[in-house]
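Report on one structure; see the data block that follows.
We did not get these values from a lab; they are worked out from the coordinates using the rules stated. What you are looking at is a predicted structure, and each value in this text was computed from that prediction instead of being measured. We place every Cβ from the backbone using ideal geometry, glycine too, and count neighbours over all the protein chains shown.
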Amino acid sequence: MIKVENLLDQNLITKLSENSFSCSVCNIDRTFTKKGIPYHYFYEHDETGKVVKERLRKIATEQNNDPEMKKKISKNTKKAFEREEVRVNHLNGVRSNIYKSKRSKRSKELWENDDYRKKTTDSITKNHRTPEFRSEMSLIITKTHNDPNSTVKSDWFRKISKEGALNSWKDPEEREKRCNSMKRSWEDEDRRHDASFRALEMWKDPHHVEIVIKGKIRFLKKQNKSLGKCGITKNGTYYESTFERDVYSFLEERNIVFEPHKTIPDSSKICDLVIDDIWVELDGLGRSRFDFESEFSWNGKIEHYKNLKNLKTIKDYKVFLNTNDFILWIDEDNNPNG
């Protein structure tokens, strides 16, 4: 390893102060101590050092991928983050303008490289969009959020994350940057199609809607806020309005089989309930008084039901304005459940 004096003599580094140096070779916006500058040059610019660095990186990767080592690292990280000063220093570091500037500069430099851009894009297309990858990531995220000791569940992390997000959107320049980025991204037809496909697949999950409502109720309870019109019937069916509550309870009391919150075929929208392939909308807001023939009324939901009925995809659909009308329909001779 070359000594600092030799590096200075060869103009490979520049002395900034008594114990501060910069690298003249890569000219990065970073300062090094007298002890750190020779290590930087050795591992980054010396051919022998590059080989050593690659070998050390390989050893470190193998060690870090060891299950026991992962547990140890995770345990030590959690232990370190229990200290307030560690959390503050970490957040201040990643939020500093210097760090953001360097990260942005580095990202732009990498993305301007054709090989890197193609490699990254191909990797995303090949792996990140596959059902296997999404399933694996879903399990990891679920496991993380179910861990009571997870950092993401801590109050300080949630508070800091919320403040950071709000401050970012309050900044006009940052807000405009984000909006423009989303617009550019959404102009990609393949991306729009992929996002739409994933959304449809997600809402086809019969448990997804109940999971969403359950999460909403859990959040409101934790915040000590009113649940409003959301809740759960005695039999465990989730509802989002008093209309739904009364109808679901009525059906449960009579032991009538029904499917609540079912995804409408060929759509990401949700039907209130389905009885014997008759799709029922509980329109407590009175939207059924609108002109259903209009393409844009009620987001075209009723028009979509008509098309599905004409195509024999569903048997029929019904719209009710109040609980009494629904009960009368159930009590008619053509009761769908006999």
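For T263, the residues whose modelled amide H falls within less than 5 Å of its own, excluding neighbours fewer than 5 places apart on the same chain, are C271.
Among K78/K119; K269/K306; K262/K309; K269/K315; K75/K143, which pairs are too far apart, with a Cα-Cα distance over 22 Å? Intermediate values should be presented prior to the final figure.
Values: K78/K119 34 Å; K269/K306 15 Å; K262/K309 16 Å; K269/K315 18 Å; K75/K143 16 Å.
From the list (K78/K119; K269/K306; K262/K309; K269/K315; K75/K143), the Cα-Cα distance tops 22 Å for K78/K119.
Need one word for segment 4-53: rounded, prolate or oblate. Basis is the Cα gyration tensor (sqrt eigenvalues a ≥ b ≥ c); a/c below 1.5 gives rounded, then a/b vs b/c decides.
Values: a/c = 1.77, a/b = 1.64, b/c = 1.08.
It is prolate, given that a/c is not under 1.5 and a/b is the larger ratio.
Could you please state, rounded to a whole Å, how far the C-alpha centre of segment 58-95 is from the C-alpha centre of segment 185-201? Value for the Cα centre distance between the two parts: 35 Å. Cross-link partners for K162 among the aspartates and glutamates, with Cα-Cα distance under 12 Å and sequence neighbours closer than 8 places in the same chain left out, do not exist in this structure. Within a straight-line Cα-Cα reach of under 18 Å, K35 can be paired with the following lysines, leaving aside sequence neighbours fewer than 8 residues apart in one chain: K3, K15, K53. For K58, the lysines whose Cα comes closer than 20 Å to its Cα, not counting residues fewer than 8 places off in the same chain, are K50, K70, K71, K72. Each residue in T14, T121 was given a count of other beta-carbon atoms within 10 angstrom of its own, and listing them fewest first yields T121, T14. Note on T48, T242: ascending count of other Cβ atoms within 10 Å places them as T48, T242, the fewest first.
Computed 3J(HN,Hα) for segment 317-331, one whole-Hz value per residue from the Karplus formula 6.51 cos²θ - 1.76 cosθ + 1.60 where θ = phi - 60°, is 9, 9, 10, 10, 8, 7, 5, 4, 4, 5, 5, 4, 5, 5, 7, glycine and proline marked x. Calculated FRET efficiency, S241 and N324, Cβ-Cβ r, R0 22 Å, to nearest 0.05? In this case the efficiency is close to 0.90. For K315 and K78, the difference between the fully extended length at 0.36 nm per residue and the C-alpha to C-alpha distance is 79.8 nm.
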